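Undergrad: Dropping a structure here in structure tokens format, bear with me for questions.
The values are calculated or read from the model by the stated rules, or taken from the named source; none is laboratory data. Quantities reported herein were computed from a predicted structural model and do not represent experimental measurements. No Cβ is skipped: glycine too gets one built from the backbone with ideal geometry, and neighbour counts run over all protein chains shown. Quick note on the areas: whole protein, heavy atoms, side chains included, nothing else; ligands and nucleic acids left out. Shrake-Rupley method; radii C 1.70, N 1.55, O 1.52, S 1.80 Å.
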Amino acid sequence: MIDLLIPGLCLLACLVSLVLLRRRGAKPFDYGLQLTIWLSAWMLWQPPAIIPAERNISIDSKQLASSHPINLNGVENISLNGEPLGRDKLRDLAPVRLELSKIQGSDGHWEFDWQRQITLGDSLKLKVHNNQPLTENVKISLLNPYGHTEDSLELKVGETIQARLTATPKLAGSQLYRVRIDSKAGETHTDPLPILVREPLQPKVLLWLTRPSFETAALSRWLRQSGVAAQVMTQLAPEVIRTEALNGLPLTKPADLLASASPFDLLILDSRLWPQLSPQQRQQLNELSTKKSLLWLVSSDSSEGFIQYSAFQSMPLQAGDSPPGSAGFGYQKADNPQAPLLRHLGFNVTEPGSNDFLLGNKEKPLFWGRSHQEQHLGFILFTDSYRWLTSGFAAEFSSLWKSIVDYQLQHLGRQQPVTLSNKLPRTQERLTLCSPLFSQQSPRLQDSQNSSPPLSGIAVGSNSQGQCYSFWPQGSGWHQLQAKAEGGSVLDFYIFAQGDWPLWQQSLNTTETRQMAAARLGPIADNRASKVALERRWPALILLLLVCISWWRERRLLHRSLS
């Protein structure tokens, strides 16, 4: 609407001026003057593209990184001067080619790498790398949150840095270590090294059997000796249950074993138990595999109802034509040909998933497990592993069962994957986070001190990592990403200040600038001369000059009429 309104007003005002001039008997010059005045007024609103565009320009990187807009109409090549810029500064440019011949290269390729999250008791490992020989002696120190030196390394002139510093955190939670670099010239720079230390997990296990056997007795003994908090139940009859608690775990009532609020993380169940379960308990099992981990000890005489249950869970078991046979220990790295053979139960596996865990033969595996966001289910398809304990192969027995239990519990403590767009998120710069969790609810970013309101993300599409949102954090320090209805934190990470890690920043910017220059092919070649719009100051100056001339003409006409 405005595109038609302003030209219409200019045209109407011009016609009114011409009518008034005709009544006063003005000369042709005055008519032309009024036409030019209103034409200049229209040009002030919409400057015409009459200036030939400059195809090749040279811009300083500081000018390009500033908030002042730069007119790049018709530009095909930019020669970049000064310090290299990050990908975020170059991504929003018009499709122009970048020439980097005048960019100041970084002094070596500095890289710093450490675990952002570790478990309490594990060691923090900082790796420092620089592919260029040092020009002066440097000392690198790793400081704990209290300022004490945990590890240090002195590097001499001419050495190429391949350093590793270690420390062992003593407390859980958000820890801020620091790295100090001292040069021979007396210059010292300290940079933050944030890590998130998590408490070690202590899973609880339920072993629910229908009859005692050598195999289940060996498994129960291994759970006790491993220090796992477990409860062993043997259901000798529907009303006769023998219960035992291991390693100080309080006993749970039988009615609460299969409830969603059950305290157990892993339920190891006997397949012979299926006929004794009530319809309600079977329904609970169908729903429980999405919240807990279920591990079935399959017997060769499993009921038809249990076979149908496995098919309902999209992991169908099929009894093989051949009788149960023996299988070796060849799937383990610690293969020992002297270990007794396991007895395979003869079940065939059909329709295994690409990410399923299969031990042994793929068609007749010893164990078939599936653990992902929607399901945590496994089937033990062997027996007689207890013979390893009686034959002096306790280490092999422990390795076998630990590999199975670890797989079934690998989802514990695992957060939804969240991918950060850059290795060094900094204040006042774009930070893009992607996760499949964001498809359910828009995330918010909150600093750990609650000193500012939460930041809402801006959706920027999706990729293989999930839905993506961009943020522009204003303050440094620990931040929490919230993407749950109840406001719980799904990720804790650190936002660095603009002055942190200058050597690393320069190295990252150099790499990203070169990548952007290689990726920018520029616009399609056009031999016709491009035009850019006339700057508004020129129509404004012309309009001011014409108005002055018109005023002077009006004064002369008025003076003549009075005389």
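Undergrad: Note down the nm distance, to one decimal, between modelled labels 7 Å out along Cα→Cβ at residue 217 and at residue 244.
TA: The two pseudo-label positions are separated by 0.9 nm.
Undergrad: Moving on. What list of ³J(HN,Hα) values in whole Hz, one per residue of the stretch 394-408 in order, does the Karplus curve 6.51 cos²θ - 1.76 cosθ + 1.60 (θ = phi - 60°) give from phi, with Gly and Pro shown as x?
TA: Values per residue, Gly and Pro as x: 5, 5, 5, 4, 5, 5, 4, 6, 5, 5, 6, 5, 4, 5, 5 Hz.
Undergrad: Can you sort 166, 510, 188 by 1.4 Å-probe accessible area, starting with the largest?
TA: Accessible-area ranking of 166, 510, 188, largest first: 188, 166, 510.
Undergrad: Return the whole-Å distance between the Cα centroid of the stretch 112-175 and the Cα centroid of the stretch 190-246.
TA: Using only Cα atoms, the two centres lie 38 Å from each other.
Undergrad: If you take the Cα Rg of the stretch 422-520 and divide it by 2.2 N^0.38 Å, with N the number of residues, what do you get? It would help to have the intermediate numbers written out before the result.
TA: On the way: Rg = 14.7 Å, N = 99, 2.2 N^0.38 = 12.6 Å.
Here the answer is 1.16, to two decimals.
Undergrad: To continue, here is another question. If ligands, DNA and RNA are left out, what is the accessible area of residue 176 with a 1.4 Å probe, given in Å² to the nearest 10?
TA: Result for residue 176: roughly 50 Å² accessible.
Undergrad: Next question, about the same structure. What number comes out for the charge environment of residue 352, summing +1 per Lys or Arg and -1 per Asp or Glu over other residues with Cβ under 11 Å away?
TA: On the way: positive: 362, 370; negative: 351, 356, 363.
Taking every Cβ under 11 Å from that of residue 352, the sum is -1.
Undergrad: Further question on the same structure: Considering only Cα-Cα distances, which of the following residue pairs are longer than 20 Å: 127/156; 204/253; 170/423?
TA: From 127/156; 204/253; 170/423, over 20 Å: 170/423.
Undergrad: In Å², and per residue, what accessible area does the stretch 346-478 have when probed at 1.4 Å with the other protein chains present?
TA: On the way: 6320 Å² over 133 residues.
Accessible surface, normalised per residue, equals 48 Å².
Undergrad: Also, I was wondering about something else. How would 309, 386, 407, 146 line up by accessible area, probe 1.4 Å, largest first? Mind dumping the intermediate values first?
TA: Working: 309 5, 386 60, 407 30, 146 155 Å².
Ranked from most to least accessible, the order is 146, 386, 407, 309.
Undergrad: Once Rh is set to the Kirkwood radius over Cα pairs, what Stokes-Einstein translational diffusion coefficient, in µm²/s, holds for the stretch 101-253 at a temperature of 25 °C and a viscosity of 0.890 mPa s?
TA: Values: Rh = 20.0 Å.
So the translational diffusion coefficient is about 123 µm²/s.
Undergrad: Next question. Summarise the long-distance tail of P(r) for the stretch 336-491 by giving the % of C-alpha pairs beyond 18 Å. Please list the in-between numbers first.
TA: Working: 8298 of 12090 pairs.
It works out to 69 percent of all Cα pairs.
Undergrad: Same structure, new question: Using the Karplus curve 6.51 cos²θ - 1.76 cosθ + 1.60 with θ = phi - 60°, what ³J(HN,Hα) values do you get for each residue of the stretch 178-193, in whole Hz, with x for Gly and Pro?
TA: Karplus values, whole Hz, x for Gly and Pro: 9, 10, 10, 10, 10, 9, 5, 6, x, 7, 10, 9, 10, 10, x, 10.
Undergrad: What is the distance, in nm, between label points placed 7 Å from the Cα along the Cα-to-Cβ direction at residue 153 and at residue 362?
TA: In this crude label model, residue 153 to residue 362 measures out at 4.2 nm.
Undergrad: Right, another one. At 7 Å along Cα-to-Cβ for each site, give me the label-to-label distance between residue 395 and residue 311 in nm.
TA: Label-label distance for residue 395 and residue 311, simple model: 4.5 nm.
Undergrad: Stokes-Einstein diffusion coefficient for the stretch 195-242 at 4 °C in a medium of 1.567 mPa s, Rh from the Kirkwood formula over Cα pairs: what value in µm²/s?
TA: Values: Rh = 12.5 Å.
My calculation gives 104 µm²/s for D.
Undergrad: In what sequence, largest accessible area first, do 548, 434 appear using a 1.4 Å probe?
TA: Working: 548 70, 434 10 Å².
These residues rank, largest area first, as 548, 434.
Undergrad: Which percent of the accessible heavy-atom area of the stretch 142-260 goes to carbon and sulfur, probe 1.4 angstrom? Don't jump to the answer; show the numbers that get you there.
TA: Working: 3350 of 6560 Å².
Here it works out to 51 percent.
Undergrad: With every protein chain left in place and a probe of 1.4 Å, what is the accessible surface of residue 357, to the nearest 10 Å²?
TA: Counting only protein heavy atoms, residue 357 exposes about 60 Å² to solvent.
Undergrad: Round to a whole number: what % of the accessible area of the stretch 418-513 belongs to carbon and sulfur, probe 1.4 Å?
TA: Details: 2000 of 4330 Å².
Roughly 46 percent of what the probe reaches on the stretch 418-513 is carbon or sulfur.
Undergrad: Rounded to the nearest percent, how much of the accessible area of the stretch 263-317 (1.4 Å probe, protein heavy atoms only) is carbon and sulfur? Walk me through the numbers before you get to the answer.
TA: Values: 1030 of 2180 Å².
The computed percentage sits at 47.
Undergrad: How compact is the stretch 358-445 by the rule of thumb for globular proteins, expressed as Cα Rg over 2.2 N^0.38 Å?
TA: Here the answer is 1.71, to two decimals.
Undergrad: Please state the shape class of the stretch 141-197: rounded when a/c is under 1.5, otherwise prolate if a/b exceeds b/c and oblate if not, all from the C-alpha gyration tensor.
TA: Working: a/c = 2.74, a/b = 1.93, b/c = 1.42.
In terms of gyration-tensor shape, prolate.
Undergrad: Let me ask something additional. What accessible area per residue, rounded to a whole number of Å², is obtained for the stretch 140-222 using a probe radius of 1.4 Å? Intermediate values should be presented prior to the final figure.
TA: Numbers: 4390 Å² over 83 residues.
Per residue, the stretch 140-222 has an accessible area of 53 Å².
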